[in-house]
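Heads up: the structure comes next, in structure tokens.
No lab work stands behind these numbers, since they all come straight from the coordinates. Note that the structure is predicted; figures quoted are calculated from it, not measured. Counting neighbours? That spans all protein chains shown, and the Cβs are built from the backbone with ideal geometry, glycine included.
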Amino acid sequence: MKLLGTAGALLALSLAGCAWLEGGNMASAKLESKSGSKVWGSVSFRELGGKVEVRGDVRGLPPGGQFGFHVHEKGDCSAPDAASAGGHFNPTGKPHGHPDKTAERHAGDMPNLGADGEGNAVYVFETNLLTVSPGATSVVGRAVVVHANPDDYTSQPAGNSGPRIGCGLIRLRD
């Protein structure tokens, strides 16, 4: 019986290790509509090898449009217009900028979402400016926000992307 107990313990440790490798450093947000929109969906953040992969599945967008998409500083989506989420997450005090063209930018600046003809957006982006692990650049406890207009990446301080039409609190995943 002791052997089975040891084998069971080893199996449990092995499975726990696999779970950590697959999702131990993961967070997610459930997007809810704001500002009278019909936006909903989910966004996940997975930390691996010093980078965070952001994946989104966003629905209810106006078909064929581009939409600003950012991590915001406060994990509060309670206001009807999501103003309670505060500004873009910017722990290093950098100017706003395009993630593919500007290394010095807000940590929360991400590429625009692009909706298909049915108003759905599937999104994948990788960044080394965010973490899921605890620390100054962690997304956990912050909000992810979808805006009504595309981010122009030049207007300061936030890219002129308009009203907040979707918001979700980023939580550590079990």
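Here are the numbers:
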read-out: Two-site label geometry, Arg171 and Leu48: point separation in nm, points 7 Å out along Cα→Cβ; value: 2.4
read-out: Anchor Lys34: aspartates and glutamates whose Cα lies under 14 Å away (excluding residues fewer than 8 positions away in-chain); value: Asp76, Asp81
read-out: Gain on full stretching of the segment that runs from Asn128 to Asp100 - 0.36 nm per residue minus C-alpha separation; value: 8.9 nm
read-out: Surrounding net charge for Val43, when Lys and Arg each add one and Asp and Glu each subtract one, Cβ distance under 13 Å; value: +4
read-out: Under 20 Å from Lys94, Cα to Cα: aspartates and glutamates that are on another chain or at least 8 residues apart; value: Glu73, Glu104, Asp109, Glu126, Asp151, Asp152
read-out: The range 39-95, relative contact order in percent, only Cα pairs under 8 angstrom and at least six apart counted; value: 23
read-out: Percentage relative contact order, the range 25-172, counting C-alpha pairs under 8 Å, at least six apart; value: 33
read-out: Where labels lie 7 Å past Cα in the beta-carbon direction, separation of Thr154 and Arg59 in nm; value: 3.7
read-out: Given charges at beta-carbon only (K, R positive; D, E negative), |dipole| of the range 25-172 in Debye; value: 280
read-out: Spatially proximal lysines relative to Lys101 (Cα-Cα < 23 Å; intrachain offsets below 8 disregarded); value: Lys51
read-out: Charge context of Gly93, other residues only, Cβ under 14 angstrom, K/R +1, D/E -1; value: -1
read-out: Selected from Pro95, Gln66, Val132, residue furthest toward positive end of dipole (the range 47-147; charges at beta carbon); value: Pro95
read-out: Virtual spin-label span in nm between Glu32 and Ala79, 7 Å along Cα→Cβ; value: 1.6
read-out: Gyration tensor verdict on the range 25-172 (Cα atoms; rounded if a/c is under 1.5, prolate if a/b is larger than b/c, oblate otherwise); value: rounded
